[in-house]
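The values are calculated or read from the model by the stated rules, or taken from the named source; none is laboratory data. Predicted, not measured: the structure shown is a model, and the values here were computed from it. Cβ: placed from backbone, ideal geometry, glycine included. Neighbour counts: every protein chain shown.
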Amino acid sequence: MVYLFGYRRIKHVYMFCSTIFMLKSILGMHDMMVTKMRKLARSRKGSSLVLATLLLVIVTLVAGVLFYNTIMGSVSSMTNNFNTQMSLMFLESSNINSTCITAFIRNTSQYTVEILNAYVNSEIAFLVQTVKIAASSLGTTYIKGDYSKGATYSVRLAGMFGTLISFQVTF
């Protein structure tokens, strides 16, 4: 005996109808999304945002490379100038007595060099005055202190960027 509207039959029909309705809604959403994508492709709004972002990234990278090259060029130039200055300082002569070391230094570079600090045996010493030695000229430095006969002293004269010249003097 078959029931046309029995419980099992209604349950199967309901499940079938709900599955069809679900498929239609999924297909409807798919059609709606395809329509939106087509409109977006025609309007080119999405592509202009992507292109703008890509352009900003490229501009930032190029600016970073240019900035890096500029800074590294400046640092390299300063290092070369400093190394040139250091290699062109020569000790002409030095004298020592119980209270003072006198050093005569020749600057053979094309730049003016400034001696700001003095160190005797790796300790800070009293430089009487800051010494500026013009290009291709001789400068005199006076380092005050108490010095003993028979001792050898290691002297370093330094500028703004480090040691300019080192020498030893014996009393």
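For segment 131-166, residues that are in a strand (DSSP E or B), under 13 Å from SER109 (Cβ atoms) and among the hydroxyl-bearing types (Ser, Thr, Tyr) total 1. Just one of (1) of a type in the set (A, V, I, L, M, F, W, C); (2) within 30 Å of THR170 (Cβ to Cβ); (3) modelled with pLDDT of 65 or more; (4) in a helix (DSSP H, G or I) fails for ALA103. It is (4).
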